[in-house]
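Please read the structure below before turning to the comments.
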Amino acid sequence: MGKERYEGFELGPIRPPSEAYSLLLRINRGCGWNKCRFCGFYRDVPFSPRTAEDIKKDIDCVKYWIDVFQGREKGKPQMSAADQEACYMAYHWLQSGMQSVFFQDANSILMAPDGMIEVLEYLNQTFPQIRRITTYARSDTIHRLSLERLKRYRELGLNRFHIGMETGNDYILKLMRKGVTKQVQIEAGQKAMAAGIEINEFYMPGMGGREYARASALDTADALNQINPNFIRIRSMALAESLEMYEDYETGLLTRPNDIETIHEIRLFIESLEGITSVVDSDHILNILLELRGRLPEDKPKMLALIDRFLDLPESTQNIFRLGRRLGVMGELSDLNRPSMVDKVKETMERAEIDRNNIDEVCDKLMIRAIPI
């Protein structure tokens, strides 16, 4: 097979919310695992690693446009169709301060070690001001890499992993074809931390349905208590019909939880986090309580109090807030104190005939529209 021709700067489909201001560099296309039944992001993207040479050309494209914007590149710039993404990315990154870089797509540490080192060295040489380089990383891959290799990556600036734990419950992990066990996730997290790499562990409440909500909350908290990650990020489950896991709800193996039940699961999860100093954050569009955040252990009472404030609301008020969040009208519980927002949601409920009998179905559909799965 002949060598592929470089066709310009590439962007992958997604990045974590916390990487909104990062330079995005595509290390591979798609996901090397691509079997998780709860994920549909890469189903139509055949996995293929990109070469260090091509990634370095992407870095050069960004550097060219940075120089244009900063007046170091003279003459009228020539922009091909392939340059448009690099131009936009360079401008966006320049405005944000050029401090962080995120490697796409999924699990970029699958790249051959020599290639990864070459890319990291070139990136730091080109942009020496970078303070953080991050990537999605699967626990099974981290588990296979040596501690020395991870430390070398850390020395070259790859200093944060975003890890999709989703749950620490082995039954759900197997059911969802995650391809990893609770113990492997614990050992991988501990290894990354030992290498000096910051880790964000993602927890997905709702994944186990009503049947395994309690087990998932407790097992996930237990796993994270053994890791003590830098960040724990909550990612509520969105159940689209296109996902393979949907059949489990069709057959009755699992029962779909609503927002209230998911919040109860999150409460049990946070209550069960003990002996760690992680930052908990709810920074995702699918979460109901976006303001749920704090550092453990000192902010744990505050986070539980916020959840209880929501759970103690009358059902009608809960439903107003749920719909307001899903419509993007409301962002925090304090928005319930703003009559204009409340009236807007009430008018929508009346016009669309949304009440306690169909609010779950409406919110489920709005969740699916909020994220491209």
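The values are calculated or read from the model by the stated rules, or taken from the named source; none is laboratory data. Source: prediction; values computed, not measured. Cβ coordinates were reconstructed from backbone atoms using ideal geometry, including for glycine residues, and neighbour counts include every protein chain displayed. Only protein heavy atoms, including side chains, enter the accessible area calculation; ligands, DNA and RNA are left aside. Shrake-Rupley method; radii C 1.70, N 1.55, O 1.52, S 1.80 Å.
Structural remarks
- Counting 0.36 nm for each residue step from Ala215 to Leu311 and taking away their Cα separation leaves a gain of 32.5 nm.
- Put simply, when 217-230, 84-97 are sorted by average Cβ atoms within 10 angstrom per residue, most first, you get 217-230, 84-97.
- Distant-in-sequence amide contacts of Glu166, defined by a placed amide H-H separation under 5 Å and a gap of 5 or more residues or a different chain, comprise Phe202, Tyr203, Met204.
- Per residue accessible area of segment 1-122, 1.4 Å probe, in Å²: 50 Å²
- Using a cutoff of 8 angstrom between alpha carbon atoms and counting only pairs six or more residues apart, the relative contact order for segment 1-122 works out to 42 percent.
- Pairwise alpha-carbon distances in segment 63-146 exceed 18 Å for 54% of all pairs.
- Convex hull (Cα only) mean projected area of segment 108-237, reported in nm² to one decimal: 7.7 nm²
- Counted charge near Lys344, where neighbours are those whose Cβ lies closer than 14 Å (Asp, Glu -1; Lys, Arg +1): +1
- Net length available on complete extension from Arg72 to Asn258 is 61.5 nm, with 0.36 nm assigned per residue and the Cα-Cα distance removed.
- Absence of a disulfide-compatible partner, taken as no other cysteine beta carbon within less than 4.7 angstrom, is noted in the chain for Cys31, Cys61, Cys87, Cys363.
- Per-residue [θ]222 nm for the chain (sum of -39500 (n - 2.57) over DSSP H runs n ≥ 4, rounded to 500): -13500 deg cm²/dmol
- For Phe102, nonlocal amide neighbours, meaning residues 5 or more places apart or on other chains whose placed amide H falls under 5 Å from its own, are Leu23, Leu24, Leu25, Thr134.
- Mean separation of Cα contacts under 8 Å, 6 or more apart, over the residue count of the chain: relative contact order %: 13 percent
- Of all accessible heavy-atom area on the chain, the percent that carbon and sulfur account for (1.4 Å): 49 percent
- When the Cα positions of Ser340, Cys363, Leu296 are compared along the charge dipole of segment 261-373, Ser340 comes out farthest toward the positive end, with charges on each C-beta of Lys, Arg, Asp and Glu.
- D_trans [Stokes-Einstein, Kirkwood Rh over alpha-carbon pairs] for the chain, 25 °C, 0.890 mPa s, µm² s⁻¹: 111 µm²/s
- Alpha carbon Rg of segment 249-325, scaled by the compact-globule rule 2.2 N^0.38 Å: 1.21
- Rounded Å value of the spacing that divides the Cα centres of segment 273-340 and segment 19-48: 29 Å
- For the peptides 281-292, 123-134, 350-361, the ranking by mean Cβ contacts within 10 Å, running from highest to lowest, is 281-292, 123-134, 350-361.
- Tail beyond 21 Å, pair distance distribution of segment 181-338 (Cα, percent): 48 percent
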